[in-house]
Each structure stands twice: as structure tokens, then as C-alpha cells.
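The values are calculated or read from the model by the stated rules, or taken from the named source; none is laboratory data. None of these values were measured; they are calculated from a predicted model. Here Cβ is always computed from backbone atoms with ideal geometry, including for glycine, and neighbour counts include all displayed protein chains.
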Amino acid sequence: MRDYYAAPRTLVEDLPPATTTSGPFSARTVTAPVADGTRTARIEVTHDGTTAHVDLGQALRGHRFAQREDPAAGDASGTADAWSALRAPGLVCTRSGDVTLDATGQDDLVVLALLGRLYPENVALRPAGRSAARTTADGTGPSRLVTLVDPAQVH
């Protein structure tokens, strides 16, 4: 999306709460045919026979803007289902408190796709098993989307 401020949005509070998933999602990159001299690339994520697509450029933008958290005290107040976030229309954002999306056990491409679906302001990557605390560098919005990842994926 050229202007993510104008992009359609889905409130994470409207998504189902987190549930246990039946194993990891699978992901791969795919390219579209050339249109008007431009070829686009997407990340295609599949789970239980259903597929979600995320623009690769948007995913890289989400990765670039995500805050990397140091371990500290305090947890997000709610949870949301990562698969529902990947399939939501537009970008996923929150307005009523910090929300956790659990991407532990997923490969790097799935995490990248999830970051591309989240509104890139106030997104935090946190290693699973550690608590999240606000820092002064958390952006300007009132609430965060805390994405739990395996420790090696925080960087």
C-alpha cells in the first residue's frame, strides 16, 4: 500500500480471540504476472486448506517499523488469533489496549507476512516467554500489537 494511513483497517478487537492452532502455517513467495510494466510479489500463507496473501513490500515495511523489545515486566491485556489477523481485510490495528498475537513456532516468512498485515505503528516483536513493557520509543498510538515470536526472530 502506497499510503498506509489511508488503507482500510480492521480492529483487532473484532477478530476472534487466540485459540490453539493445529500446527504451523506454510508460506511461500509468489509473483503475479507483469501488469503495466510492474511485477508484484506476495507472501502466500496456507493453513488448513485456506490461503491468505500479503504484499511482500508491505511485509517488509511492517518488519522495518516493528519495535524490538527488551525483556521487562508487564503483559498485553488481550490476545487475538494470528490466522484471523492474516486473513483480515486491510491492515489490523488496535484501539483498546495492548493485544498479543502469538506467532511462536511459525517460520520467518509467516512472521513477515503477519507483520505486513499489522498497521505498522506500535507493533512490537517480543520473544515468547518474556513479558512486554512499554518504553518511551513505542510510537505515538495508545495501544500496541505485541507479536510473540521465537527468540531468534526478534532481530
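The requirement of being polar (S, T, N, Q), at pLDDT 90 or above and over 23 Å from Q153 (Cα atoms) is fulfilled somewhere in region 18-35, by at least one residue.
Out of the residues in region 16-40 that are among the hydrophobic types (A, V, I, L, M, F, W, C) and within 18 Å of the chain's Cα centre (by Cα), state the one that is nearest to T104 (Cα to Cα).
Ranking the qualifying residues of region 16-40, first place goes to F25.
For region 23-61, a residue qualifies if it is in contact with a strand residue (DSSP E or B) (Cβ under 8 Å, 6 or more places away or on another chain), assigned to a loop (DSSP other than H, G, I, E, B) and either of a type outside the set (A, V, I, L, M) or farther than 19 Å from L112 by Cβ (or both), and the qualifying residues are F25, R39, T40. What are the residues in region 99-119 that are more than 10 Å from T147 (Cα to Cα) and surrounded by fewer than 21 Cβ atoms within 10 Å (Cβ to Cβ), if any? Scanning region 99-119 gives G105, D107, D108, L109.
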